[in-house]
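Visitor: Take this structure first; my questions come after.
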Amino acid sequence: MGVLGELEPKPVFRFFEEICGIPHGSGNVEKLSDYLVAFARERGLACRQDEMKNVIISKEATSGYEEQEGIILQGHMDMVAVKKPDSDIDMRADALRTAVEGDYIYAEDTSLGGDDGIAIAYALAILDADDLPHPHLDVVVTVDEEVGMDGAKALDLSDVKGTRLLNLDSEDEGYFLAGCAGGASVKHVLPVMREEKEGTLYTCRICGLLGGHSGGEIHRERGNANSLAGRLLETVSSVTDIGICGLFGGLADNAIPREATVRFIASGKEEELDEAVKAFEKTLQAELSTKDPGVRIEMTKESAVSMSCLDKQSGERAEKLLLLMPNGVQAMSADMHGLVQTSLNNGMMTLSEKELTVITSVRSSVASEKEALIRKISALTELLGGLVSVTGDYPGWTYKKESPFRELCVRVYEEMYGKAPKIQAIHAGVECGILLEKRPDLDCISLGPDMKNIHTTEERLCISSAKRVYEYVCRVLAAK
């Protein structure tokens with residue numbers, strides 16, 4: 001029995017632990033997809049797996065529910081697979097090392113994948129049970145949601161009977177999502193030229209940042225390590241000529257990067273450079289004293305080296321791209337207080353032999369603002385001699401005033417909890433917008449249990465909340 005074996009409800013956490021035992025980072029979901037197919041076949045349930053590895057499992061209505069409208073339980077099988085720098089785990093091959101601390105589940109040194117493994121665990125527990133009343137059920141599990149919702153885009157819903165969609169990809173109990181932002185991933189590629197340079201090798205690691213989900217936590221205005229790398233380069237290049245030989249930061253375009261590494265060669269002025277980096281560190285610590293109190297710069301030096309570095313012109317263009325690229329909240333909603341309307345996250349940065357690549361995540365609940373921001377950052381890259389490509393473009397989900405399924409979910413919640421849930425739209429993306437484009441007749445709502453720090457190594461899933469939400473979902477299925 002695993003470490004989650006005694007948690008209640010046992011079926012949910014048994015399946016969740018099995019899911020955690022199968023590597024399922026974005027782009028590495030085949031084994032989990034096949035696991036779902038095997039689950040369905042072992043129980044004689046109708047199942048379809050498409051070429052993308054999306055899986056749809058169907059179960060007929062129980063007695064007395066044959067005339068009720070079918071319900072779709074929907075989530076995604078991929079997770080943002082990140083680990084601490086010193087972890088020995090292979091996120092593409094190894095099981096997560098789940099553990100329990102108080103009322104929370106976490107994974108040692110890695111993200112947990114509660115987003116969205118708990119949705120799959122809920123669905124499997126429901127499909128596996130023979131004592132839960134429900135209408136016709138369609139369980140729809142998509143792939144690669146975290147990297148552009150490509151699975152949902154390719155999904156064929158023509159044989160799905162359900163018209164009421166319960167998306168289980170939210171992280172705050174008591175909050176029902178009824179709308180979300182659209183988004184896209186923008187890749188900036190800046191060609192560079194190199195030359196040999198001799199001098200002292202500086203390795204500066206910007207670290208100690210909290211990071212977080214670029215949709216759910218962008219409003220917290222935490223430090224973005226990749227953007228700060230641009231400021232660091234400006235700081236040191238103002239002291240002396242440098243040759244940039246390494247840039248790396250971020251692990252996913254939709255995760256606020258917590259660390260970035262900048263490596264450069266400089267000749268002379270070591271004392272001035274040391275003072276400049278220390279002064280910049282103090283500046284960051286003052287700026288982010290509340291938002292990111294742990295920010296720091298770790299610097300090492302290696303004298304008398306010769307390395308391949310960006311030439312002067314390429315270095316200046318790389319510095320300007322990182323320095324000038326917008327980041328963070330760009331506009332707040334005038335219609336819904338506290339809702340971010342448009343944002344940008346500089347999620348990934350890598351420097352190879354011939355090019356600097358920066359990948360940004362753009363989000364907006366206003367389609368025209370999303371397109372305008374994409375054009376703006378594309379123009380910046382093109383002015384610096386780079387190329388831009390846009391992938392993973394997905395639509396937003398517009399709030400509907402009339403929603404019978406939402407009304408039913410609210411009624412059940414009030415009966416169970418004695419209070420009304422909070423209905424809101426969010427800045428993060430969920431797949432409902434894409435699915436609605438395919439099936440405009442769907443009546444959608446999104447909800448889930450409490451989770452903290454998703455997409456980071458500090459991710460936590462609340463055990464008691466997961467239990468309550470599972471019981472609530474079962475009550476929704478049984479409601480007439």
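Visitor: Regarding the range 50-123, what are the three Cα extents along the principal axes, ordered largest first, in Å?
Guide: Principal-axis extents of the Cα atoms in the range 50-123, largest first: 55, 38, 14 Å.
Visitor: Determine the distance separating the Cα centre of the range 431-480 from the Cα centre of the range 285-354; give it in Å without decimals.
Guide: 33 Å
Visitor: Within the P(r) computed for the chain, what percentage of the Cα pairs occupies the region above 34 Å?
Guide: The proportion of pairs with Cα distances above 34 Å equals 38 percent.
Visitor: Next up: Output wanted: per-residue J couplings in Hz (rounded whole) for the range 323-334, from phi through Karplus 6.51 cos²θ - 1.76 cosθ + 1.60, θ = phi - 60°, x for Gly and Pro.
Guide: In residue order, the calculated couplings are 6, 8, 4, x, 7, x, 5, 9, 7, 9, 5, 8 Hz.
Visitor: So, one more: Nearest 10 degrees, 0 to 90: what angle lies between the long axis of helix 270-287 and the longest principal axis of the chain (Cα atoms)?
Guide: 30 degrees
Visitor: Same structure again: Using DSSP loop states and a limit of at most 12 other Cβ atoms within 10 Å to flag GluC sites (Glu not before Pro), what is the longest stretch of the chain containing no flagged site?
Guide: Looking at the chain, 68-352 is the longest stretch - no exposed GluC sites (Glu not before Pro) with at most 12 other Cβ atoms within 10 Å.
Visitor: Send over the semi-axes of the range 301-443's equivalent ellipsoid, whole angstrom and largest first, taken as the square roots of 5 times the C-alpha gyration tensor eigenvalues.
Guide: Listed largest to smallest, the semi-axes of the range 301-443 are 44, 17, 14 Å.
Visitor: Using the Cα centre as the reference, give the magnitude of the dipole from point charges on the C-beta atoms of the chain (Lys, Arg: +1; Asp, Glu: -1; all else neutral), rounded to the nearest 20 debye.
Guide: My answer is approximately 800 debye.
Visitor: Remind me, what semi-axes does the range 360-451 give for its equivalent ellipsoid, largest first in whole Å, using sqrt of 5 times each Cα gyration tensor eigenvalue?
Guide: 36, 14, 10
Visitor: Can you give the local net charge around L323? Use residues other than it whose beta-carbon is closer than 9 angstrom to its beta-carbon, Lys and Arg +1, Asp and Glu -1.
Guide: 0
Visitor: If you don't mind, another one. Could you work out the relative contact order of the chain? I mean the mean sequence separation of Cα pairs under 8 Å and 6+ apart, divided by the number of residues, in percent.
Guide: It comes to 23 percent, rounded to a whole number.
Visitor: Might you report the magnitude of the Cβ-based charge dipole of the range 290-393 about its Cα centre, with Lys and Arg at +1 and Asp and Glu at -1, to the nearest 20 debye?
Guide: Rounded to the nearest 20 debye, it is 140 debye.
Visitor: Within the set K53/K400; K187/K370; K187/K291; K291/K422; K84/K452; K83/K320, which residue pairs have Cα atoms separated by over 23 Å?
Guide: Check vs 23 Å cut-off fails for K53/K400; K187/K291; K291/K422; K83/K320.
Visitor: Next up: Can you give the relative contact order of the range 104-245 as a percent, counting alpha carbon pairs under 8 Å and 6+ residues apart?
Guide: 15 percent
Visitor: Still on this model: Taking +1 at the Cβ of each Lys and Arg and -1 at the Cβ of each Asp and Glu, which of G328, G418, I434 sits farthest along the dipole of the range 327-480 towards its positive end, judged by Cα position relative to the Cα centre?
Guide: G418
Visitor: Another question about this same structure. Just from the alpha-carbon atoms, what are the Rg and Dmax of the range 277-357 in angstroms?
Guide: Considering the range 277-357 through its Cα atoms, Rg and Dmax are 17.7, 59 Å.
Visitor: Give me the 1.4 Å probe accessible area per residue for the chain, excluding ligands and nucleic acids, in Å².
Guide: Counting only protein heavy atoms, the per-residue value for the chain is 41 Å².
Visitor: Given a 1.4 angstrom probe, I'd like the percentage of the accessible area of the range 1-74 that is carbon and sulfur, rounded to a whole number.
Guide: The value for the range 1-74 is 48 percent carbon and sulfur by accessible area.
Visitor: How large is the charge dipole for the range 203-279, taken about the Cα centre, if only the Cβ atoms of Lys, Arg (+1) and Asp, Glu (-1) carry charge, to the nearest 20 debye?
Guide: 280 debye
Visitor: Which one of G64, Y106, V82 has its Cα pushed farthest toward the positive end of the charge dipole of the range 47-116, where Lys and Arg give +1 and Asp and Glu give -1 at the Cβ?
Guide: It is V82.
Visitor: A follow-up question, please. Enter the angle in degrees (range 0 to 90, nearest 10) between the Cα long axis of helix 225-237 and the first principal axis of the Cα atoms of the chain, meaning the one along which they spread out most.
Guide: 10 degrees
The values are calculated or read from the model by the stated rules, or taken from the named source; none is laboratory data. Model, not experiment: these values are computed from the prediction. When we count neighbours, we look across all protein chains shown, and the Cβ atoms used for this are built from the backbone with ideal geometry, even at glycine. With ligands, DNA and RNA removed, areas are computed over all heavy atoms of the protein, side chains included. Shrake-Rupley method; radii C 1.70, N 1.55, O 1.52, S 1.80 Å.
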